[in-house]
Every structure is written in structure tokens, then in C-alpha cells.
Amino acid sequence: MTLTQAGVDAINAGTELPAVNLTAEDSAGLTADDSDTPSYVAQNDGPTIDVTAVDTFNENDAIVGQTVATFTASDEEDGVLTVANGRVDFTAGTNGDGYYAFDDENVTLTQAGVDAINAGTTLPRSVSMPPTAKASPPTTVTPRRTPPKMMARPSTSPRWIPLTKTTPWSARPWPPSPPATKKTVCSPPMPAKSPSPPAATVTATTPLTVRT
């Protein structure tokens, strides 16, 4: 007599096996019955947990509450293990910096975790459960260089101020020549003009002819 899969599952769940009842019959139709109950030594198998980190994400995409890992946990005797039923927690001695927190059954980033990512710190392994827990790989973050902030500084070089309209210009030597000295030339005084003599008056005399 052997166990079926249902019998194995019952044993793993800690269920007592029922009695085995058998009946024998000969050719004359006479029967005999007997039974016995198999027993086993129960063993508490440890729980199992599988933690899966999310895909790699960029440094500047990290925000508070972002999911960085998920997990599944179970036990043959107790069934599914969750944070809600108090069966899953951070492994003792880990998450001392408080980078992670639980959001239902997910592991998320805290503000301390976001600050650590922005500072280029490698995140530690996330949730686990001793003693038979499967260690989870650390969450991978791709750093993205943030350009430094630039502060304006007064410039000592000449500033070129654009003109709002076109202004004609001409080339001049540099340095500029000193302005030419204006010279005043004094001419000799002009002699005074003498008054012109009055014009002569000419009277024409016409001879008279007397007729008699």
C-alpha cells in the first residue's frame, strides 16, 4: 500500500492519516476484516520566501513609495505568509538605515532610501526571513549624472551691446589722434575807400532860331 499525492499533501499539512480498513474474502464467500492506522513523526518544515527586486531604474526616477521589490512566502503547515498576518518582516539586523518600508505586500523606498540613491549609495538587500529564506539581490540603480548648478559671475571683459537699428560707422585709427588745433589767420586791414566824387552834371545848350 502506498501514498497518493493527496496523502503526501495531507502529511505535509500536518493532517493525521485515516485508518486503513481492509476486507479479505475467500472463494466460499467468507470474509475477514482488519484495520490499522499508519502514523508518522510530524516535522515542522521551515517556510520559504522568494524576493524579487524590480528592474533597474534610473537614479533621478527614484521617489518615495516606489516599489523596489516583491515577495512570496509560504509554509507547508501555515500556508501563505504575509506582512499582514505578521509572518513576514525585515531580517533582524538589516534595514538599519530605514531605506525600505512595507506597502501592503510590496517593499518600497522611504525618503532615506531616495536620499541614498541620489547620493550614489548602493542599496542593500531587501526583505528576507531567516533561517531558510532565500536572499534577495540588491536593487540596482543606474546613476544618472546631474549637471552642476552654475552661478553667474560678473565679467571683466568688454560687453557688446546690440543696437536696435543699423548705425553707419567708419574706421578710425586707434588710439585716436588728438584733435587738430584750429588756427586763426589775421589778414592786414583793408584801406578805407575814399568817397567817389559826385557825378558831373552836363547841360546841353540848344541854339534857338528866331523867325521873323
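The values are calculated or read from the model by the stated rules, or taken from the named source; none is laboratory data. Treat the numbers as computed from the prediction; the structure is a model and nothing was measured. Here the Cβ positions follow ideal geometry from the backbone for every residue, glycine too, while neighbour counts run over all protein chains shown.
Structure above, values below:
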{"item": "Among the candidates Ala62, Ala6, Ala53, residue that is of a type in the set (Gly, Ala, Ser) and touching a Pro at 6+ places or on another chain (Cβ under 6 Å)", "result": "Ala53"}
{"item": "Index of the failed condition, Thr91 passing every other in (1) under 30 Å from Met1 (Cα atoms); (2) out of contact with any strand residue (DSSP E or B) (no Cβ under 9 Å at 6 or more places or on another chain)", "result": "(1)"}
{"item": "Residues located in the range 1-36, provided they are at positive phi and surrounded by 10 or more Cβ atoms within 10 Å (Cβ to Cβ)", "result": "Gly14"}
{"item": "Single match in Leu17, Leu22, Leu3 (criterion: over 21 Å from Leu109 (Cβ atoms), in a strand (DSSP E or B) and hydrophobic (A, V, I, L, M, F, W, C))", "result": "Leu22"}
{"item": "Options Val64, Val107; residue that is surrounded by 12 or more Cβ atoms within 10 Å (Cβ to Cβ) and under 15 Å from Pro124 (Cα atoms)", "result": "Val107"}
{"item": "Exclusive hit being outside any strand (DSSP E or B), modelled with pLDDT under 95, of a type in the set (Asp, Glu) and farther than 30 Å from Tyr99 by Cα, set Asp33, Asp45, Asp55", "result": "Asp45"}
{"item": "Condition met for Val64 (free of Cβ contacts under 8 Å to residues at least 12 places away in the same chain and not acidic (Asp, Glu))", "result": "no"}
